[in-house]
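Structure first, then comments.
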Amino acid sequence: MPNSPYDDFLKNLARMVEDIVRNMPEGEGARFVGYTIIAGNNGEAPQIIHIGKTPREEIEYEVIEDENYLFITGSLPPASQFAAYADISTDAVTIVVGEKRALIHLDTKIDVIHSFYQVRHGVIDIILKKKKPA
């Protein structure tokens, strides 16, 4: 059976990601949250494999800050029957998935109107705009 044209694309993408990870500075404290793509062989469909030991029950997240924004990336429980959302306030964010909650207290004030989140493929990305000091 001939290879799908997407197999080559995914194999090239996997090589590029490997190069990026291999050449990252080690002292920067970079982490990856999520999944890996493995291109199919001999006509097999590509697979997505969760990185981790067992399915998570809690909401894991990390916070990265720059001069104007806070970036929160959360890995959501895979077996949840509920839609995830972020409750954003001026000094905290709560990631909510059904009955599970992750409260994140913030050291800076947030411009709630210009902050937002999106949920895709089991990951919630929250972008918080910092309030300018008066």
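Conditions tested, residue by residue: (1) of a type in the set (D, E, K, R); (2) in the same structural domain as I64 (by TED's automatic domain parsing); (3) at positive phi.
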residue	(1), (2), (3)
A79	no, yes, no
D91	yes, yes, no
G98	no, yes, yes
R101	yes, yes, no
T108	no, yes, no
V112	no, yes, no
S115	no, yes, no
G122	no, yes, yes
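Taking each residue of segment 1-28 that is under 25 Å from E65 (Cα atoms) and looking for partners that are at pLDDT below 70 and not in a helix (DSSP H, G or I) with beta-carbon atoms closer than 7 Å, six or more apart or interchain, yields M24/A30.
The values are calculated or read from the model by the stated rules, or taken from the named source; none is laboratory data. Keep in mind that this is a model prediction, so the values were computed, not measured. In this analysis, Cβ positions are derived from the backbone assuming ideal geometry, glycine residues included, and neighbour counts consider all displayed protein chains.
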